[in-house]
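The values are calculated or read from the model by the stated rules, or taken from the named source; none is laboratory data. Keep in mind that this is a model prediction, so the values were computed, not measured. When we count neighbours, we look across all protein chains shown, and the Cβ atoms used for this are built from the backbone with ideal geometry, even at glycine. Accessible surface is based on the protein model in full, side chains and every heavy atom, while ligands, DNA and RNA are left aside. Shrake-Rupley method; radii C 1.70, N 1.55, O 1.52, S 1.80 Å.
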Amino acid sequence: MLNSSQLPLHVQQEVLQLAEQHAQPLCAYLYDLTALEQHIKQMKHVLPKNVELFYAAKANPSEPILRTLAPYVDGFEAASGGELVHLHQQQLNMPLIFGGPGKMPSELEQAIELNIDAIHVESLTELQRIATLTETLDRSATIFLRMNIDIGDITLSKLAMGGKPTPFGLDESELSNALTLLRDFPKVHLKGFHFHLMSHQLDVDRHLALMQRYFQVVKDWQARFQLDELMINLGGGMGINYQNNEQHFPWTEFCDKLEFLIAKEQVQDWKLRFECGRYISAPCGYYVMEVLDIKKNLGENFVIARGGTHHFRTPAAQSHDHPFAILPSNKPKTISLPLAQSQATFVGQLCTPKDVLARNQNIDHLDIGDYVVFTHAGAYAWNISHQNFLMHEPPIFHYFGKHKPS
Ligand SMILES: Cc1ncc(COP(=O)(O)O)c(C=O)c1O
């Protein structure tokens, strides 16, 4: 559990004001758009010159988030036809890229018709489909080949999409066939290679070793297959440390060291690109649950608050105790059941024992009506949750700061 002083003062004020405006116990997502803007500006500022930064919309595709990011990122990544249409409809006027396994022919057609920046090709079948579509539609398509490669002794993070057998990307042994196929379809342009081998990366040196592996493997392919100048999409995956606020992926240190690596590997002239999700949008989001009940059951304390994992599946999805702070309510109390200097498990309103957000947490003081404010809830949170389960009302969505929607 975080100390409430670790919650920015202006966020505390927003929570209390929002609670004032609603008669029902509070259950809300709050997004600090000024903090998001500062964060993305800083991320861009330290990137080496030849590196672009895209936002992977799957992390949080909400409109105010996209609009806040649009002036600073180089484009957006969609992972489904749905996301692609959504991003297109936002009229952000930014390059769009489209990845993900099992793309349907209709989705590929849509991507070609929209003339997006690039389609990330996941398999030979998909490449064949794109090639055929370019002929039938008489349209061109720009692609990256997503590759899965052996990464030797580089350690995988806790969520790996590659470097081991997975459904993602082409096997290196298929590259030659892919390039042969491309020769017969001049309307398909190979723009580069795409790698996204892992998420939740917290270790800067391991991530640099991975980048180096990508550079070396692409150099090898360039020489073997006489490929022209290509771009590399280095993926996303920079992690948030949900257990220790001081140990998120060290982006600035990484960018400094990446610049050296780029010089060492002599790839200053290559165009590189990241497509990050979690690291960009997680920190700006807060999920707030008002305490409804406090009880002891077979010797253990439970704090039951409004909402739950049907709104905020992140702790269940990650099997972790999500960080939070307690914000005391300043509303008059009709019932008080204070819990002081004890341990408690924080749960929601669902009729399943899996609806747990944080287990056995040490508490200084807590009462009914107080607010449990979960931090780092801006990515893979609402949009990965089973929102209709039990037909509870959705949370309130509150965006604040410079770019709040009118
Ligand atoms: C292909 C691809 N790119 C980018 C991302 C974004 O990853 P992260 O949010 O960890 O940065 C993902 C996430 O699963 C992905 O599958």
* To do: For the stretch 1-20 and the stretch 314-370, compute the distance between their C-alpha centroids and round to whole Å.
  => 15 Å
* **Between helix 9-21 and the chain: long-axis angle, C-alpha atoms, 0 to 90°, nearest 10** => 60 degrees
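Need the full-extension length gain, Gln243 to Lys264, defined as separation in residues times 0.36 nm minus the C-alpha distance. One decimal, nm.
Details: separation 21, 0.36 × 21 = 7.56 nm, distance 3.45 nm.
Roughly 4.1 nm would be gained on extension.
Could you report the stretch 95-276's accessible area per residue, 1.4 Å probe, as an integer in Å²?
Here the per-residue accessible area is 44 Å².
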* Structure fact -> Quick note, the chain: a/c under 1.5 would make it rounded; otherwise a/b > b/c is prolate and the rest oblate (a ≥ b ≥ c, C-alpha gyration tensor); here it is prolate
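Evaluate E = 1/(1 + (r/R0)^6) for Leu337 and Val85, where r is the Cβ-Cβ distance and R0 equals 41 Å; express this FRET efficiency to the nearest 0.05.
Working: r = 48 Å, r/R0 = 1.18.
The value I calculate is 0.25.
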* Can you work out the FRET efficiency for the pair Lys295 and Glu172, with r the C-beta to C-beta distance and R0 = 45 Å, to the nearest 0.05? -> 0.20
* To do: Can you tell me the order of 143-149, 323-329 when each peptide is scored by its average per-residue count of other Cβ atoms within 10 angstrom, highest first?
  => 143-149, 323-329
* Considering the zone a paramagnetic label at Asp228 would reach in this model (a point 7 Å from Cα along the Cα-to-Cβ line), which residues of the stretch 183-209 have amide N under 20 Å from it? -> 183-194
* Once phi is turned into ³J(HN,Hα) by the Karplus curve 6.51 cos²θ - 1.76 cosθ + 1.60 with θ = phi - 60°, what whole-Hz value does each residue of the stretch 150-160 show in order, with x for glycine and proline? -> 6, 10, x, 9, 6, 6, 6, 7, 6, 10, 10
* Reachable aspartates and glutamates from Lys187, criterion Cα separation under 12 angstrom, eight or more residues apart if same chain -> Glu135, Asp138
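Over 18 Å between Cα atoms, which of Lys49/Lys271; Lys58/Lys257; Lys219/Lys257; Lys41/Lys402 qualify? Write down the numbers at each step before the final one.
Details: Lys49/Lys271 9 Å; Lys58/Lys257 28 Å; Lys219/Lys257 20 Å; Lys41/Lys402 14 Å.
Violating the 18 Å limit, Cα to Cα: Lys58/Lys257; Lys219/Lys257.
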* Asked: Given labels modelled 7 Å from the Cα in the Cβ direction, how far is it in nm from Met391 to Lys158?
  -> 3.6 nm
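Report the trypsin sites (Lys or Arg not before Pro) located in the stretch 266-374 that are in a DSSP loop and have at most 13 other Cβ atoms inside 10 Å of their Cβ, or state none.
Sparse-neighbourhood loop trypsin sites (Lys or Arg not before Pro): Lys333, Lys354.
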* Structure fact -> Of the accessible area of the stretch 45-197, computed with a 1.4 Å probe and all protein chains kept, carbon and sulfur make up a percent value of 50 percent
* Asked: What's the angle, to the nearest 10 degrees (0 to 90), between helix 33-45's Cα axis and the longest principal axis of the chain?
  -> 30 degrees
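Take the alpha carbon gyration tensor of the stretch 302-406, find the square roots of its eigenvalues, order them as a ≥ b ≥ c, and report rounded if a/c is under 1.5; if not, report prolate when a/b exceeds b/c, else oblate. Show your work: numbers first, answer last.
Numbers: a/c = 1.59, a/b = 1.21, b/c = 1.32.
Judged from the Cα gyration tensor, the stretch 302-406 comes out oblate (a/c at least 1.5, b/c at or above a/b).
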